[in-house]
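The values are calculated or read from the model by the stated rules, or taken from the named source; none is laboratory data. Model, not experiment: these values are computed from the prediction. Here the Cβ is made from the backbone with ideal geometry for all residues, glycine too, and neighbour counts use every protein chain on show. Ligands, DNA and RNA are excluded from the accessible area calculation, which covers all protein heavy atoms including side chains. Shrake-Rupley method; radii C 1.70, N 1.55, O 1.52, S 1.80 Å.
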Amino acid sequence: MISFERVTKRYPDGTVAVSSLSLEAPDGAITVLVGPSGCGKTTSLRMVNRLIEPTEGRILVNGVDARQQPAAELRRGIGYVIQQAGLFPHRTIVDNIATVPRLLGQSRSAARNRAFELMELVGLDKALAKRYPHQLSGGQQQRVGVARALAADPPVLLMDEPFSAVDPIVRKGLQEEFLRIQAAVAKTILFVTHDIDEAVKLGDKIAVLRQGGILAQFDTPDRLLAEPADEFVEQFLGTDRGIKRLTFYTANGLNLLGGPVVAADTEPAAAREAALSGGFPWLLVVDEQRRPLGWTNPEALSGSQPVGKTRLVSFGHVFRADTDSLRAALDSAVLSPTGWAVGVDAEGGVIGVVSQETIADAIRAAHATQAHVDVAVGDVEGEPAAEDAGPEDRSLEQAR
Ligand code: ADP
Ligand code: MG
């Protein structure tokens, strides 16, 4: 655990970068520090590994005051990843990664073997080992930065905007890989970003900072989105925070209808009959592997051509019924020309379709369940339940 206890940093010119910051970053979790540029994120991070010393207060790393340990010893247990990867330009990739294990006294071959293991972990091709940093893309360099930080297997990782300098598509890939790696290594991570979407995606806990290094709110992403502490946090979260929050609700409880799904070789009369008896305004046509081909309007079907041979309306994009969130399901429904979302399995086969109305019902149910859980948590912590239920009810109203 990393604990900030009323930490203040005042630079010699009088700038107060961090003001009496108190928070606890739990073990094995990702704690994100997020806020606008200049709000003291980097300063906060660099006080943990003592690249900057606090003016007041103290920081405990696993219960020990950072200042009570020699800086070199402290840093051995803390990996550090920065925006431009900070690689040694004149060392090969494998030597960059092997640097810390070598410093820790490992033999050359052991350090290299470890470096190759880490390259595989972060998704870097072995063929890149002999290259120099400038011969890699920005995304690959960031992977090297992460591998190098993990090389000594430190319990704590500090990451300062590690993915900010790469383009959005590469960033998304790095974020997903990072979550996959963290699921395997379970480090205690302090992660700095100015991007609220990145914070919500990666953080187990999120600390929102405002100008002057003042902590505005410290919460789980779901709680943050449900109940911003003040107007600053609300504005920082953006106007679509209700939609963002749906990321935390699974789509796997949605009631998918198989009735409106018909095979491509279905005769038009049979398709019309199926639509009529089920009361379905649209039918989704699928191939032999149950992959979606498109929608057909049963009322417009005529002649003897099987439905697969008729003109179909695009089905937009699908969602994974087992692993995606309600946000993905809603997005699929909103983008669908029929207002129905298409749920598929891992192989891309259609499980069934679901209407916007059904998804809206599921959202209301999820919010109601969440309100219930929050009240229960409040009880355990000895807070009056009624106080907790109030704001949650309000957010429920907003969602409607
Ligand atoms: P962030 O990482 O959130 O963008 P920083 O921690 O880098 O913010 O900076 C916080 C504030 O401290 C800013 O106002 C910045 O200008 C100021 N600052 C940072 N480093 C120094 C320094 N060495 N001397 C004086 N002021 C500094
Ligand atoms: Mg910074």
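Taking Ala165 as meeting all but one of (1) within 16 Å of ligand 2 (Cβ to nearest atom); (2) more than 29 Å from Ser22 (Cβ to Cβ); (3) buried (at least 21 other Cβ atoms within 10 Å of the Cβ), write down the number of the exception.
(3)
With the condition being within 16 Å of ligand 2 (Cβ to nearest atom) and closer than 15 Å to Leu45 by Cα, I'd like the strands (runs of 3 or more DSSP E) fully within region 176-233 carrying at least 3 qualifying residues.
It comes to 188-193, 205-210.
Consider Ser314 against the criteria (1) open to solvent by 30 Å² or more (accessible area, probe 1.4 Å); (2) at pLDDT 95 or above; (3) of a type in the set (Ser, Thr, Tyr): it satisfies all of them except one. Which criterion is unmet?
Evaluating Ser314 over (1) open to solvent by 30 Å² or more (accessible area, probe 1.4 Å); (2) at pLDDT 95 or above; (3) of a type in the set (Ser, Thr, Tyr) leaves (2) as the failure.
Here are some residues: Val166, Val208, Val170. Which one is aliphatic (A, V, I, L, M) and in contact (Cβ under 8 Å) with a residue 40 or more places away in the chain?
Numbers: Val166 fails: in contact (Cβ under 8 Å) with a residue 40 or more places away in the chain; Val170 fails: in contact (Cβ under 8 Å) with a residue 40 or more places away in the chain.
Testing whether each residue is aliphatic (A, V, I, L, M) and in contact (Cβ under 8 Å) with a residue 40 or more places away in the chain leaves just Val208.
So which residues in region 234-270 are within 21 Å of Val344 (Cα to Cα) and part of a helix (DSSP H, G or I), if there are any at all?
Correct list: Leu246, Thr247, Phe248.
With the condition kept exactly as written, say whether any residue in region 102-125 is closer than 20 Å to Ser164 by Cα and out of contact with any Asp or Glu (no Cβ under 8 Å at 6 or more places or on another chain).
Within region 102-125, one or more residues are closer than 20 Å to Ser164 by Cα and out of contact with any Asp or Glu (no Cβ under 8 Å at 6 or more places or on another chain).
Keeping to region 104-131, report how many residues are open to solvent by 10 Å² or more (accessible area, probe 1.4 Å) and small (Gly, Ala, Ser).
6
Just the residues that are in a loop (DSSP other than H, G, I, E, B) and either surrounded by fewer than 22 Cβ atoms within 10 Å (Cβ to Cβ) or without any contact (Cβ under 8 Å) to a residue 12 or more places away in the chain (or both), please, taken from region 31-46.
Across region 31-46, the qualifying residues are Pro36, Ser37, Gly38.
Select from region 359-390 the residues that are surrounded by fewer than 18 Cβ atoms within 10 Å (Cβ to Cβ) and either in contact with a Cys (Cβ under 6 Å, 6 or more places away or on another chain) or at pLDDT 70 or above (or both) and list them in ascending order.
Selection gives Ala360, Asp361, Arg364, Ala365, Ala368, Thr369.
When only residues in region 283-309 that are of a type in the set (Asp, Glu) and modelled with pLDDT of 90 or more count, which is most open to solvent (accessible area, probe 1.4 Å)?
Glu288
How many residues are in contact with a helix residue (DSSP H, G or I) (Cβ under 6 Å, 6 or more places away or on another chain), more than 16 Å from ligand 2 (Cβ to nearest atom) and under 21 Å from Asp204 (Cβ atoms) if we restrict to region 33-77?
Result for region 33-77: 1.
Are any of the residues in region 143-153 more than 16 Å from ligand 2 (Cβ to nearest atom), over 15 Å from the mean Cα position of the chain (by Cα) and acidic (Asp, Glu)?
yes
Residue under question is Arg46, and the condition is that it be away from ligand 1 (no atom under 16 Å from the Cβ), in the same structural domain as Ile214 (by TED's automatic domain parsing) and among the charged types (D, E, K, R); does it hold? So that I can check it myself, show each step before the final result.
Details: away from ligand 1 (no atom under 16 Å from the Cβ): no; in the same structural domain as Ile214 (by TED's automatic domain parsing): yes; among the charged types (D, E, K, R): yes.
Judged against the criteria, Arg46 is not a match.
Quick one: count up the residues across region 217-250 that are open to solvent by less than 20 Å² (accessible area, probe 1.4 Å) and more than 24 Å from Ala328 (Cα to Cα).
The total comes to 2.
Any residue in region 7-28 that is away from ligand 2 (no atom under 16 Å from the Cβ), buried (at least 21 other Cβ atoms within 10 Å of the Cβ) and not in a strand (DSSP E or B)?
no
Considering only residues of region 55-103 that are among the β-branched types (Val, Ile, Thr) and in a strand (DSSP E or B), which is surrounded by the most Cβ atoms within 10 Å (Cβ to Cβ)? Before you say what the answer is, go through the steps one by one.
Narrowing region 55-103 to residues among the β-branched types (Val, Ile, Thr): 55, 59, 61, 64, 78, 81-82, 92-94, 97, 99-100.
Narrowing the set further to residues that are in a strand (DSSP E or B) leaves 59, 61, 64, 78, 81-82.
Numbers: Ile59: 21, Val61: 21, Val64: 12, Ile78: 21, Val81: 25, Ile82: 19.
Per the criteria, the residue is Val81.
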